[in-house]
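Asker: Here you go, one structure.
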Amino acid sequence: MRADEHAETGSGRLLVISGPSGCGKSTICQRLREDPRVEFSISATTRPMRAGEVDGRDYHFIDKARFQRHIEDGDFIEWAEVHGNLYGTLRRPIYAALESGRTYLVEIDVQGGASLKALELPVASVFLFIAPPSMEVLEARLVGRGTDTPEVIARRLEKAHEELLAQDKYDRVIVNRDLDEAVAAVRRFAGLDAPLTE
Ligand code: ADP
Ligand code: 5GP
């Protein structure tokens, strides 16, 4: 089902935001989180918590054994190893949110987004690919973010070349040049540009 059918059905929709590391996914999603119509998917991960992160808000930080049990119990709609850590999207909250008519926002790596799209879930959905204006800008943002070592940044840039090839698997590509404009484009494509009603 396409996102534009959502208005007629009045049901919730799945909003998937993807793109290479450093393209601005988290920054854009942070803005969308302020919208009460949006529920943010909290993934489970085995990655160690970074300074400033909160368990249950940014991720469910779990160990490998527990992650393995979730895989065995079929709790993930998708999971993947990204940059050496495991990440998974939990199945149950997606359907709960959609039933209540909310937009369920999933921020995910490029491969994960493509496999989620390939599942062809029977729900209204929109898959957005956030692209950097250029590789030079992407590198500058990864360096500027200050969270990764030069080796990790080099690996992420290498991977980004490959990931940019997957953009045509998505419904729309949004170039994140100016943040306000990128957020406005996401809102438009996600059907979140209508004013909030009481
Ligand atoms: P991702 O979640 O895709 O890895 P982030 O949201 O962490 O990317 O963004 C990477 C860095 O780029 C952050 O430091 C962020 O503040 C910055 N950034 C994001 N969007 C823009 C933009 N439009 N203009 C300038 N800097 C940006
Ligand atoms: P970070 O560790 O920087 O928060 O995220 C690393 C990468 O993992 C990002 O590209 C992020 O989008 C991706 N990621 C986060 N959660 C999930 C998930 O549930 N599934 C998949 N496949 N990737 C995820």
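Asker: Do you know which residues across segment 90-131 are assigned to a loop (DSSP other than H, G, I, E, B) and closer than 18 Å to residue 183 by Cα?
Answerer: 108
Asker: Restricting the search to segment 74-108, which residues are near ligand 2 (Cβ under 9 Å from one of its atoms), out of contact with any helix residue (DSSP H, G or I) (no Cβ under 8 Å at 6 or more places or on another chain) and of a type in the set (S, T, N, Q)?
Answerer: Residue satisfying the conditions is 85 alone.
Asker: Could we say that residue 194 is surrounded by fewer than 14 Cβ atoms within 10 Å (Cβ to Cβ), over 16 Å from the mean Cα position of the chain (by Cα) and not in a helix (DSSP H, G or I) here?
Answerer: So residue 194 fits the description; yes.
Asker: Right, next: Among the candidates 160, 182, single out the residue that is in contact with a helix residue (DSSP H, G or I) (Cβ under 7 Å, 6 or more places away or on another chain) and either among the charged types (D, E, K, R) or under 20 Å from residue 117 (Cα atoms) (or both).
Answerer: Only one candidate qualifies: 160.
Asker: Any idea how many residues of segment 158-196 are without any contact (Cβ under 8 Å) to a residue 60 or more places away in the chain and of a type outside the set (Gly, Ala, Ser)?
Answerer: So the first thing to find is which residues in segment 158-196 are without any contact (Cβ under 8 Å) to a residue 60 or more places away in the chain, and the list is 158, 161-162, 165-169, 172-175, 177-178, 180-181, 184-185, 188, 193-195.
When the remaining residues are screened for being of a type outside the set (Gly, Ala, Ser), the result is 158, 161-162, 165, 167-169, 172-175, 177-178, 180-181, 188, 193, 195.
Total satisfying the criteria: 18.
For (1) open to solvent by less than 40 Å² (accessible area, probe 1.4 Å); (2) within 16 Å of ligand 1 (Cβ to nearest atom); (3) in contact with a strand residue (DSSP E or B) (Cβ under 8 Å, 6 or more places away or on another chain), each residue gets a yes or a no:
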| site | (1), (2), (3) |
| --- | --- |
| 97 | yes, no, yes |
| 132 | yes, yes, yes |
| 145 | no, yes, no |
| 149 | no, yes, no |
| 171 | no, no, yes |
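The values are calculated or read from the model by the stated rules, or taken from the named source; none is laboratory data. These figures come from a predicted structure and were not determined experimentally. Quick reminder, even Gly has a Cβ in these numbers, built from the backbone with ideal geometry, and neighbours come from all protein chains shown. Protein only, heavy atoms only, side chains kept; ligands, DNA and RNA dropped before computing areas. Shrake-Rupley method; radii C 1.70, N 1.55, O 1.52, S 1.80 Å.
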